[in-house]
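Q: One structure, pasted below without further comment.
Each reported figure results from applying straightforward, stated rules to the coordinates on display, with no laboratory input. Source: prediction; values computed, not measured. Glycine gets a Cβ as well: all are built from the backbone with ideal geometry, and neighbour counts include every protein chain shown.
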Amino acid sequence: MLDRLTGLEVMSKIAGSGSLSAAARALGMSQTMVTKHLATLESRLGTKLFHRTTRRLAITDDGRRYLELAERVLGDFEAAEAAVSADRIEPRGLLRLNVPLAFGIRQIAPRLAEFARHYPGVTVELGLNDRLVDLTEEGWDLAIRIGTLRDSSLVARRLAPCRMEVCAAPSYLAAHGTPRTTAELAGHNCLGYTLAQAGAGRWRMGTSRSVDISVTGNLRANNGDALLAAALAGQGIIYQPTFIVADALREGRLVPITLELPASDLLAVYAVYLPDRSPSAKVRAFIDFIAAAFAPEPPWDHGLA
């Protein structure tokens, strides 16, 4: 079946130029193909759209009525194409962005005002949760993910490294002592993060994250800020990303603990989005903006050893 939209374009060009040959030249196709499109359109509608003789071509009353509707459809189609093309070129529209809770509050939300000044045509819907969202099913344009990427079908851009730190409040260490080896952690109250890949009762350490250390404690939580609050109150030792504990470390409210095995890195912070040959301008703009904000060193690591 010949393309219906092309048939509408053919009719419009014939009516505007007054001949099949002129319409063919304007559309970049053969006169034979123009004739086929017109014949198919007339056959489907069951009426003549043009009176044709060897010397002249004139539009019929049915053709005139149909042309009015056809050009309205063509206009709407061109407007839709222009709108989509503009979204690929100019950042605008709604950007649905999903970010882990603690990282989003600390590192993303404070930068959205500056992003809005740069891109006033973009409205950001910020989703904050530590659940691994499905971008396709839930309609997110972009997500920030930290650590190992489990979904290889997504396009990922590395934004920044992500360091981990073992630390505790001075009051806890004064009361219970400071562990010097991973084996000594067994005698301490270690607060666990339940969404960690290894689980709340195991801390992955070493430069290659190859050593699992068993830990126990009287608090487990699915949010790093909750563990931070407990640690600041002197409840126990935590093993958390520096983007959560950096301020407390700089201020001395938490103390880093050096063990014989180094704290591992959580690989990196990534921006991930659905595969697309040409992601929308709003997605590209946000990724470039936040990558620049985190370069050359993550701002949360400034001043840390």
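Q: Enumerate the strands (runs of 3 or more DSSP E) found wholly within region 211-305, keeping only those where 1 or more residues are among the charged types (D, E, K, R). Talk me through it step by step, then tell me what you get.
A: Working: elements: 211-214, 238-241, 265-273.
Those strands (runs of 3 or more DSSP E) span 211-214, 265-273.
Q: Return yes or no: is Leu195 within 30 Å of the chain's Cα centre (by Cα) and part of a helix (DSSP H, G or I)?
A: Working: within 30 Å of the chain's Cα centre (by Cα): yes; part of a helix (DSSP H, G or I): no.
Answer is no for this residue.
Q: A follow-up question, please. Give the residues of region 253-276 that are within 35 Å of the chain's Cα centre (by Cα) and hydroxyl-bearing (Ser, Thr, Tyr), sorted by residue number.
A: Correct list: Ser264, Tyr270, Tyr273.
Q: If you don't mind, there's one more thing I want to ask. Which of the residues that make up region 147-161 are over 13 Å from the mean Cα position of the chain (by Cα) and buried (at least 17 other Cβ atoms within 10 Å of the Cβ)?
A: Listed by number, the residues that qualify are Gly147, Ala160.
Q: Return yes when Leu132 is of a type outside the set (Gly, Ala, Ser), within 30 Å of Arg92 (Cβ to Cβ), in contact (Cβ under 8 Å) with a residue 60 or more places away in the chain and assigned to a loop (DSSP other than H, G, I, E, B) and no when it is not.
A: no
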